[in-house]
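What follows is a single structure, written as structure tokens, with notes after it.
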Amino acid sequence: MKTSLGSVLAGIVLTIVVVAIVHADQSAEKAAQKAAESWLSLIDSGEYSESWNEAAQIFKQKVSLQQWKSALESVRIPLGKLKSRRLKTATYTETLPGVPDGRYVVIQYETTFGKKKSAIETVTPMIEKDGQWRVSGYFIR
């Protein structure tokens, strides 16, 4: 009987731990998504300098303000105005290629622009030392 009770208790503890981990990942994904959407709204309204200012330090170390503005002007302006953006996926991870380990959420949106009917935007917020989610990467394909 002791073995059965011990197994049941171990199973309950394991279930509680798994539920806590899943909940933490979902909370991180929601907080990161909120930060990503706030940041994307700056780009959507043409506030490219402000989007750079609000980005993660790792982003600013890799891309200068002028490089960022030039990239957005050459890529985003030809797409036209944002028509719609729908969350496709949001995945929490602690490792990504080419960047230090940390807490990241890779978010993909299915996006429609005035001059491009179907695009995928990938936005990668990360937790910075101050506990805030800030965007560390952005790609459109």
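In the stretch 69-90, the count of residues that are touching a strand residue (DSSP E or B) at 6+ places or on another chain (Cβ under 6 Å), free of Cβ contacts under 8 Å to residues at least 24 places away in the same chain and within 15 Å of V135 (Cβ to Cβ) is zero.
Sub-7 Å Cβ pairs linking a first residue in the stretch 103-116 that is touching a residue at least 60 places away in the same chain (Cβ under 8 Å) to a second residue that is of a type in the set (A, V, I, L, M, F, W, C) and open to solvent by less than 10 Å² (accessible area, probe 1.4 Å), at least 6 apart or interchain, are R103/A28; V105/A28; V105/A32; I107/A32; I107/A36; I107/V123, ordered by first then second residue. Condition check for P97 on (1) modelled with pLDDT of 95 or more; (2) more than 14 Å from F59 (Cβ to Cβ): one failure, at (1). Within the stretch 77-124, the set of residues being of a type in the set (G, A, S), open to solvent by less than 50 Å² (accessible area, probe 1.4 Å) and under 19 Å from A36 (Cα atoms) comprises A90, G102, A119. In the stretch 125-141, the qualifying residues are those that are within 20 Å of V63 (Cβ to Cβ) and of a type in the set (G, A, S), and the one that is surrounded by the most Cβ atoms within 10 Å (Cβ to Cβ) is S136.
Taking the listed residues G46, G80, the one that is among the small types (G, A, S), in contact with a Gly (Cβ under 7 Å, 6 or more places away or on another chain) and under 20 Å from K116 (Cα atoms) is G80, with no other qualifying.
Filtering the stretch 36-57 to residues that are part of a helix (DSSP H, G or I), surrounded by 18 or more Cβ atoms within 10 Å (Cβ to Cβ) and out of contact with any Leu (no Cβ under 7 Å at 6 or more places or on another chain) leaves A36, W39, L40, L42.
Under the condition of being in a helix (DSSP H, G or I) and open to solvent by less than 50 Å² (accessible area, probe 1.4 Å), which residue from the stretch 60-71 is nearest to S118 (Cα to Cα)? The extreme case among them is A71.
The values are calculated or read from the model by the stated rules, or taken from the named source; none is laboratory data. The shown structure was predicted, so the numbers you read here are calculated from the model rather than taken from an experiment. Using ideal geometry, Cβ is built from the backbone for each residue, glycine included, and neighbour counts are taken over all protein chains shown. Surface accessibility is based on the protein's heavy atoms, side chains included, excluding ligands, DNA and RNA. Shrake-Rupley method; radii C 1.70, N 1.55, O 1.52, S 1.80 Å.
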